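K.L.:
Got a structure here, written out as structure tokens. Questions coming.
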Amino acid sequence: MQSKFLSEEFIAKIDKFNLRARLIVEGFIVGLHKSPYHGFSVEFSDHRQYIPGDPIRRVDWKVYAKTNKYYIKRYEEETNLKSYIIVDHSNSMGYTSGKISKLEYAKALASALGYLMLSQQDAVGLLTYTDVITSYIPPRSVRSYLNIIFKELFKLKPQDRTQTADILHSLADRIKKRGLIILISDMIDDPDKILQGLQHFRHQKHEVILFHIQDQQELSFDFKRETEFIDAETNEKIVVNPWQIRKDYQESYQEVVRYLKTKCHEAFIEYNPISTSTPFEQSLLQYLAKRSKLM
């Protein structure tokens, strides 16, 4: 199943980048990820193509006899970075003032990141949530796994309320090995509780990346006439003249953004605010270019 979010041209561009973990993670590929391990386990995982310098004893000669190509047996500890992409699809994520909703943007971003991680032979999993976990696909590094992830992302619809903090704590309790956590959300929830959930991962030595998805109207509040606002998750309604509260709204919103940025920085969490008014291809390529310079 081909993801509708990934054009061949865009795939060619992101293939030039590797989203490498800056912190030590459990798993490695020579020259790509750092690892605390020495040696390897006896639990077979899968195969990878032979690279000059690999021990000859690791060649799977049965596969060679069938394919006339050299492949190396990989074991569980040698699978690369385990990454978990977490996507919020609560009702507030369905909002749009332009061509694409926050949820569609998040799905596009998650699709691209999933493709990228698997392309560099990392294991990638997906968790989607509202006020409960709606789906959980544990990480694997098999390329065909993309179809499963794309199918799950494709069918996501905005629904229900958000309970981000509880979801994060639940996942943190279930993950045993250090890896990469990627949260994609509009952060319309209690910021302190979300940060506590993200810090739970950091306490366990995971690397954490937060993509804060924002609609342009959430930033500018540029409504032209008296408007009825409806809370997407509680259905609470209020009618206001936007120009009368625009300044206070923008100051409050930016205060929350600054707070998130500051607290993430203090906790060594990578914070990335992204507006849906910027094409997601552009946002992701800019992000990967910036990140690659930090490696």
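K.L.:
Need one number: nm distance between label points at D131 and K261, each 7 Å from Cα along Cα→Cβ, rounded to one decimal.
P.N.:
With each label point 7 Å from Cα toward Cβ, the separation is 3.3 nm.
K.L.:
Sticking with this one: Given a Förster radius of 41 Å and the C-beta distance between E251 and V142 as r, what FRET efficiency does 1/(1 + (r/R0)^6) yield to the nearest 0.05? Please report the intermediate quantities before stating the final value.
P.N.:
Details: r = 48 Å, r/R0 = 1.18.
Given R0 = 41 Å and the Cβ-Cβ separation, E is 0.25.
K.L.:
Identify all lysines with a Cα-Cα distance to K237 below 19 Å; exclude those on the same chain that are fewer than 8 residues away in sequence.
P.N.:
The qualifying lysines are K224.
K.L.:
Among R140, R225, R246, what is the fewest-to-most ranking by other Cβ atoms within 10 Å? Walk me through the intermediate numbers first.
P.N.:
On the way: R140 18, R225 7, R246 15.
By the 10 Å Cβ count, ascending: R225, R246, R140.
K.L.:
What is the extension gain from K66 to Q196, computed as 0.36 nm multiplied by their sequence separation minus the C-alpha to C-alpha distance, in nm to one decimal?
P.N.:
That pair, K66 and Q196, stretches by 41.6 nm at full extension.
K.L.:
Something else: Give me V132, V63 sorted ascending by neighbouring Cβ count inside 10 Å, so fewest comes first.
P.N.:
V132, V63
K.L.:
Rg to Rh for the stretch 238-295: what is it, with Cα atoms only and Rh by Kirkwood?
P.N.:
For the stretch 238-295, the value is 1.12.
K.L.:
Quick check on the exposure proxy: order R258, R57 from fewest to most C-beta atoms within 10 angstrom.
P.N.:
Sorted ascending by nearby Cβ count, the order is R57, R258.
K.L.:
Also, I was wondering about something else. May I ask you to derive the FRET efficiency for S7 and S97 from their Cβ-Cβ distance with R0 = 25 Å, giving the value to the nearest 0.05? Mind dumping the intermediate values first?
P.N.:
Numbers: r = 25 Å, r/R0 = 0.98.
The formula returns an efficiency of 0.55 here.
Every read-out reported here was derived from the displayed coordinates using simple, explicitly stated rules and does not represent laboratory data. Computed from a predicted model, the values in this text were never measured in an experiment. Counting neighbours? That spans all protein chains shown, and the Cβs are built from the backbone with ideal geometry, glycine included.
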